[in-house]
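Visitor: Structure provided below as structure tokens; questions to follow.
The values are calculated or read from the model by the stated rules, or taken from the named source; none is laboratory data. All of these numbers come straight from a predicted model, not from anything done at the bench. Please note: Cβ atoms are built from the backbone with ideal geometry, for glycine as well, and neighbour counts cover all protein chains shown. Protein only, heavy atoms only, side chains kept; ligands, DNA and RNA dropped before computing areas. Shrake-Rupley method; radii C 1.70, N 1.55, O 1.52, S 1.80 Å.
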Amino acid sequence: MKTQVKALVVGGGAVGTSIAYHLAKAGWDDVMLLERDELTSGSTWHAAGLLPLFNMSFATTHIHKYSVDFYKRLEAETGLNAGFAVVGNLRMAQTQERMDEYMLYASTAETCDVPYVWMTPDEIKAKWPLIRTDDLKGALYHHTDGYINPADVTQAMAKGARQRGVMIERKWQADAFHWNGDAWEVTCTKMVEKGGNLVPSDEQIVITAEHVVTASGNHAQTTAKKLGIKIPAIPVEHQFIVMDKDPELVQFRAEGNVEHPVVRDADAQSYVREERGGWILGVYEKGAPACFEYGVPENFRADLFPLDLERIEAQYMAMIHRIPSCEESGLKDDFNGPICYTPDGNPLVGPAPGLTNMWLAEGFSFGITAAGGTGYYLAQMMVEGEAEIDMASLDPKRYGNWMTTEFAARKNEECYDHVYILHHPDEERPACRPLRTSPAYDRQKERGAQFGFVNGWERPNYYAPAGFDDKASRSFRRGGWWQYAVEEAKAIREGVGLIDATAFTKHRISGPGATAFLDWFTTNKLPKVGRINLTYALTSHGTTRTEYTIVRLAEDDYYLVSAGAWHSYDQDYLYKAVMEKEAEFGRINEQDVTTQWGVFAIAGPKSRDVLNEVIKDADPATALSNKRFPWLSAKQIELGMCPVNAIRVAYTGELGWELHHPIEMQNYLFDLLEKAGEKHGMKLVGARAQNWLRQEKSYRAFGTELGRDATPLEADLPRFVDLSKDFHGKAAMEAKGIRSKCVTLLIDGPDDADPWGREALYDMDGNRVGRLTSGGYSVAFEKSIGMGYVKPALAEVGTKLQVKMLDQLWNAEIVEDSPYDPKNATIRADG
Ligand SMILES: Cc1cc2nc3c(=O)[nH]c(=O)nc-3n(C[C@H](O)[C@H](O)[C@H](O)COP(=O)(O)OP(=O)(O)OC[C@H]3O[C@@H](n4cnc5c(N)ncnc54)[C@H](O)[C@@H]3O)c2cc1C
């Protein structure tokens, strides 16, 4: 057995096998796949094999689409038939709300070239008469997907991998990982059968690998422990049952009719498909427990849990309602197996936190569907440095070091039972909350704050009157909260508002090497002492990795502010870069000060008046004037007894300041500002209004307009890129050119809905030309607004386009950047 390889993939389920295959296909000729038992002996063997294309996420839809296309090609390449039954997927809607959900999804699907058709209840009945349709509104039909045999497709990928030179070693367990500075030394133990159990023998070897990928399925927690990291991949029990023959189904098929599609009754939390004259019923029920929180027991191999029929009774009855002919069919078989989950349902794919050349592919709940695409895109990341799509939404570091086993287990259970809920874009999930709260949380709650969950933090989305029911207010159109966000947005445009931005990620970079390092690490000129700049750290491919507001506190002392949702993601990249460059640039101190500093953003034409009431200064009347505190500068000021690092900048595009304050003084400052704000009509404002306002200013947001699939030049931000200096990713950025360009659009949309930032864009001839990445309502223009990417030739101000919303095309026009106050007059207002 070889002991020196380029890449070692740990785990021979569908995911690991696909990764090994794709690494070889991408040109790595020294790849080994290690499996502690037999291939497919993890979750893969008992999967139902459905390959649903439906997915609300842009990146995941790409991954699923790749898999479905790839599995169709695999037989020609390997000679192995993986049993891909392209029967299609029929997603039925019992309510108009569900149809709204499908319409939003359909617009996203179009942006990923995923085909679909709409079906009426009558069309369904005519084609598949066994399905009851009298209570349906309609359905979305994907005719290009279906189901596959999970073990067979894994074996086909394994054969394809072997044909490309991959070494597959079974009955070897990766037990310890040591980075020797150049490569991983992986201690592996030979596993042997003993009394039906699989146990470690005394035989061990060390394999040296430049790169390691773990795809260990339900063993994710054990793997994380061996790596010394924490990840939220914990399995939940998932069951499906196989029914005896249904005589009416047998007859239907005997008459020459084609197989039923996978029939998804989302409102009844279940899916049904044909299986040898009978039906398989799979469910996403309430009460499915997490398992293996602290690792898989030694004696659990390809085992199953006992069926819990009581737990799925409601779904079983719903199936009989939907397909009445199955009522008499008995139960033939049952499967209750561990299915790995993460709190948001996306797997963890990408570099492991804090480790070099260690890659994770863990936490797959749709792992058969995702395996092909994951292998393809992860191999791109490993071999070429980046994938062609932005993989940030799957990044293993999207949960910070605040994440615990208890959090992950409870959240994963919640995620499981939410698989078939209505996926409102304004949804907030309740489990494990509140967890991370800023000190002013209770005060904000008392004043009606409805909170959102951002990287564990509670952050006000909007403020509503007592008794308002956020959950009941959610919608695919304008939710019940919309009017409150409108009032808040107006308060900032016309008066003054206070936003809690405590969740921001904050780092301090200082020391003799800090200036040279940041100059290399980011695209913009570094600010002078006391000034701030907006700037970008790029990937090695020249696309945007992080957006920073940099404050230069002293010659070699910088305060970096980045998005709150991406704390560990940003930190990992920053720290790894510091580690790599310190020898070259000199000593660099990095300090995470995120939880030491609270942030309030005060904004609006009257914001200076409010601050003037409480600022302590020898000459308070001029302390916040343009002369003493110009736009884009930072100063230490005192508000009452609170020392504040104030930054004159406002993400809402109004006159305003960010007030960075010691977290322990937050309540003092909140009370002070609230009292001072009273006579100026200051309103507490949430993130939803802020999100609309920043679009009126064309301020790009990280995670929507800004990410690893576009350069800052494509984001049309040349003013933050200093081409006269050299910086990381510069040459790659320039080589990319402008593939598509970020624009702002005003939209004449429906009266009761705004875009969410996932919609497809069309030209006036009906050709798809781009997609929205943000959307909302503009109080300044009293219509819908959006930002997105279009082909460069179309990115001219005045170009007329159409936005696909609620299955219709709505007129839109590309407007100049910063359509509200393009000259920044209000931001620069003196006083
Ligand atoms: C009842 C049920 C139905 C499902 N239906 C579907 C479906 O219809 N469609 C779908 O897409 N998904 C479905 N799933 C989910 C799907 O089964 C999983 O997402 C998928 O199998 C995960 O594949 P994997 O390769 O990540 O993990 P696994 O298949 O669990 O493979 C991990 C492998 O890693 C090995 N391993 C672990 N640690 C080590 C180590 N240290 N050294 C060496 N080897 C190691 C294990 O032995 C195992 O073979 C279902 C799951 C269940 C339980």
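Visitor: Out of all the residues in segment 85-110, which are open to solvent by 40 Å² or more (accessible area, probe 1.4 Å) and closer than 18 Å to residue 52 by Cβ?
Guide: Step one: of segment 85-110, the residues open to solvent by 40 Å² or more (accessible area, probe 1.4 Å) are 86, 94-97.
Matches in segment 85-110: 86 only.
Visitor: Go through segment 311-349 and report how many residues are open to solvent by 20 Å² or more (accessible area, probe 1.4 Å), within 16 Å of the ligand (Cβ to nearest atom) and in a helix (DSSP H, G or I).
Guide: 2
Visitor: Scan 778, 740, 818, 774 and give me the residue that is under 30 Å from residue 540 (Cα atoms) and more than 25 Å from the chain's Cα centre (by Cα).
Guide: After ruling out the rest, the residue left standing is 818.
Visitor: Among residues belonging to segment 350-377 that are open to solvent by less than 30 Å² (accessible area, probe 1.4 Å) and among the polar types (S, T, N, Q), point out the one that is farthest from the ligand (Cβ to nearest atom).
Guide: Here the residue is 374.
Visitor: Considering only segment 634-654, I want to know if a residue exists there that is of a type in the set (Phe, Trp, Tyr), within 30 Å of residue 521 (Cα to Cα) and in a loop (DSSP other than H, G, I, E, B).
Guide: Narrowing segment 634-654 to residues of a type in the set (Phe, Trp, Tyr): 651.
Within this subset, residues satisfying the condition of being within 30 Å of residue 521 (Cα to Cα) are 651.
Keeping just the survivors that are in a loop (DSSP other than H, G, I, E, B) gives 651.
Yes, the conditions are met somewhere in segment 634-654.
Visitor: Select from segment 318-376 the residues that are more than 14 Å from residue 60 (Cα to Cα) and among the acidic types (Asp, Glu) and list them in ascending order.
Guide: Those that are more than 14 Å from residue 60 (Cα to Cα) and among the acidic types (Asp, Glu): 327, 328, 333, 334, 362.
Visitor: Suppose we filter 184, 179, 172 for residues that are within 9 Å of the ligand (Cβ to nearest atom) and under 22 Å from residue 4 (Cβ atoms); which single one remains? Break it down stepwise before answering.
Guide: Working: 184 fails: within 9 Å of the ligand (Cβ to nearest atom); 179 fails: within 9 Å of the ligand (Cβ to nearest atom).
From the options 184, 179, 172, the qualifying one is 172.
Visitor: Also: More than 20 Å from the chain's Cα centre (by Cα) and part of a helix (DSSP H, G or I) - does that describe any residue in segment 47-67?
Guide: Looking through segment 47-67, none of the residues is more than 20 Å from the chain's Cα centre (by Cα) and part of a helix (DSSP H, G or I).
Visitor: Ok, one more. Go through (1) among the small types (Gly, Ala, Ser); (2) within 11 Å of the ligand (Cβ to nearest atom); (3) surrounded by fewer than 21 Cβ atoms within 10 Å (Cβ to Cβ); (4) at positive phi one by one and return the number of the condition residue 49 breaks.
Guide: That leaves (3) as the condition not met.
Visitor: Residue 133 is checked against (1) more than 26 Å from the chain's Cα centre (by Cα); (2) modelled with pLDDT of 95 or more; (3) at positive phi and fails just one. What number does that condition carry?
Guide: Only one criterion is unmet by residue 133, namely (3).
Visitor: Restricting to segment 689-724, give me the number of residues that are open to solvent by 30 Å² or more (accessible area, probe 1.4 Å) and either without any contact (Cβ under 8 Å) to a residue 40 or more places away in the chain or under 23 Å from residue 519 (Cβ atoms) (or both).
Guide: The total comes to 7.
One line per residue, one yes/no per condition, for (1) near the ligand (Cβ under 8 Å from one of its atoms); (2) open to solvent by less than 40 Å² (accessible area, probe 1.4 Å); (3) modelled with pLDDT under 95:
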{"residue": "21", "(1), (2), (3)": "no, yes, no"}
{"residue": "24", "(1), (2), (3)": "no, yes, no"}
{"residue": "27", "(1), (2), (3)": "no, no, no"}
{"residue": "32", "(1), (2), (3)": "no, yes, no"}
{"residue": "35", "(1), (2), (3)": "yes, yes, no"}
{"residue": "41", "(1), (2), (3)": "yes, yes, yes"}
{"residue": "45", "(1), (2), (3)": "yes, no, yes"}
{"residue": "53", "(1), (2), (3)": "no, yes, yes"}
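Visitor: Report yes if residue 303 is closer than 29 Å to residue 191 by Cβ and in a strand (DSSP E or B), otherwise no. Don't jump to the end; show me each part of the working.
Guide: Working: closer than 29 Å to residue 191 by Cβ: yes; in a strand (DSSP E or B): no.
Taking the combined requirement at face value, the residue does not satisfy it.
Visitor: Output the residues belonging to segment 252-272 that are open to solvent by 20 Å² or more (accessible area, probe 1.4 Å) and either out of contact with any helix residue (DSSP H, G or I) (no Cβ under 9 Å at 6 or more places or on another chain) or assigned to a loop (DSSP other than H, G, I, E, B) (or both).
Guide: Within segment 252-272, the subset open to solvent by 20 Å² or more (accessible area, probe 1.4 Å) is 253-259, 267, 269.
The answer is 253, 254, 255, 256, 257, 258, 259, 269.
Visitor: Moving to a separate point now. Which one of these is open to solvent by 10 Å² or more (accessible area, probe 1.4 Å), more than 13 Å from the ligand (Cβ to nearest atom) and among the charged types (D, E, K, R): 237, 293? Spell out how you get there, then give the answer.
Guide: On the way: 237 fails: more than 13 Å from the ligand (Cβ to nearest atom).
Criteria check complete, one pass: 293.
Visitor: Out of curiosity, is residue 676 more than 37 Å from the chain's Cα centre (by Cα), over 18 Å from residue 596 (Cα atoms) and surrounded by fewer than 18 Cβ atoms within 10 Å (Cβ to Cβ)? It would help to see each step written out before you state the result.
Guide: Values: more than 37 Å from the chain's Cα centre (by Cα): yes; over 18 Å from residue 596 (Cα atoms): yes; surrounded by fewer than 18 Cβ atoms within 10 Å (Cβ to Cβ): no.
It is false that residue 676 is more than 37 Å from the chain's Cα centre (by Cα), over 18 Å from residue 596 (Cα atoms) and surrounded by fewer than 18 Cβ atoms within 10 Å (Cβ to Cβ).
Visitor: Enumerate the helices (runs of 4 or more DSSP H) found wholly within segment 388-506, keeping only those where 3 or more residues are open to solvent by less than 40 Å² (accessible area, probe 1.4 Å).
Guide: Numbers: elements: 405-417, 441-446, 470-473, 482-494.
So the answer is 405-417, 482-494.
Visitor: Are there any pairs, at least 6 apart or on different chains, whose C-beta atoms fall under 6 Å, with the first in segment 209-224 and away from the ligand (no atom under 11 Å from the Cβ) and the second open to solvent by 20 Å² or more (accessible area, probe 1.4 Å) and not in a strand (DSSP E or B), and if so, which?
Guide: Once the first residue is away from the ligand (no atom under 11 Å from the Cβ) and sits in segment 209-224, its partners that are open to solvent by 20 Å² or more (accessible area, probe 1.4 Å) and not in a strand (DSSP E or B) give 211/357.
Visitor: Another question, then. Against the conditions (1) touching a helix residue (DSSP H, G or I) at 6+ places or on another chain (Cβ under 9 Å); (2) open to solvent by 60 Å² or more (accessible area, probe 1.4 Å), where does residue 619 fall short? Just the number, please.
Guide: Going through (1) touching a helix residue (DSSP H, G or I) at 6+ places or on another chain (Cβ under 9 Å); (2) open to solvent by 60 Å² or more (accessible area, probe 1.4 Å) one by one, residue 619 breaks only (1).
Visitor: In segment 194-208, which residues are assigned to a strand (DSSP E or B), closer than 30 Å to residue 366 by Cα and more than 11 Å from the ligand (Cβ to nearest atom)?
Guide: The answer is 197, 199.
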